[in-house]
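Read the figures in this text as sums done on the coordinates, not as results from a lab. For clarity, every value in this text was computed on a predicted model and none was experimentally measured. Counting neighbours? That spans all protein chains shown, and the Cβs are built from the backbone with ideal geometry, glycine included.
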Amino acid sequence: MPLAAKLAYSAWMAVWVPVYWIHNGPANFLWICDLANFVTLVAIWRESALLVSSQLAGILFIQAIWGVDFFGRLLLGAHPIGGTEYMFDAASPWWLRALSLFHLWMVPLLAWLMTRVGHDRRGVALETLIALVLFPLGQQIGTPEQNLNWTWAPFGIEQTLLPPLLFAFAAVPLAALLLFLPGDRLARRWFGRLHPRG
């Protein structure tokens, strides 16, 4: 892994973490996309195929959904899915919103990392374990307004079928089945052929 890449990503984190902490609070880091930034920091320094594979499996489709919603609003004037409304909130400084554009370049970064270190088949299992901790923890620490990992209101629609904490646990196998496993399959097929691991 080029040292320049490691230093550049570390510099990004040195800016992003304190700014987000001050303006959004520490609970905001419990979003699965935000946590991926921290895991990627460790992955890039350790050159870990396991950590890279876990994060690409975990956020590939989530970041794609974010991108579709963002560009849908930017180009068509409407949010086709929901989740990026904050990016167009003029009450928030533009530079703070601009820091959230990492959603657009994290998947390409992880894909490039995977071409360097390879794919590890255990990644999807690790990401599922991370979600098993992250979803309930975010639901307990966060607020309904934060709606961390959509455990209060998936797609902005309040769920009333299950108690919130139980729903957070139930969301883990759903995320694994609908997001992590397909994401891992695509990542392995597209980017993991050069250096298969695990």
Contact order normalised by length for segment 130-170, with contacts defined as Cα pairs under 8 Å and 6 or more residues apart; what percent is it?
41
Counting only Cα atoms, I'd like the Rg/Rh figure for the chain, Kirkwood definition for Rh.
0.96
In what sequence do Thr115, Thr40 fall when counting other Cβ within 10 Å, fewest first?
Thr115, Thr40
Would you calculate, for the chain, the mean residue ellipticity at 222 nm contributed by helices, counting each DSSP H stretch of 4 or more residues as -39,500 (n - 2.57) and dividing by all residues, to the nearest 500?
-21000 deg cm²/dmol
Taking Cα centroids, how far is segment 24-60 from segment 123-187 in Å?
15
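Under DSSP H, which helices of the chain have Cα atoms covering 15 Å or more of the helix axis and a Kyte-Doolittle average no less than 1.6?
Helices meeting the criterion: 164-175.
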Percent relative contact order for the chain, counting Cα pairs under 8 Å at least six residues apart, stands at 30
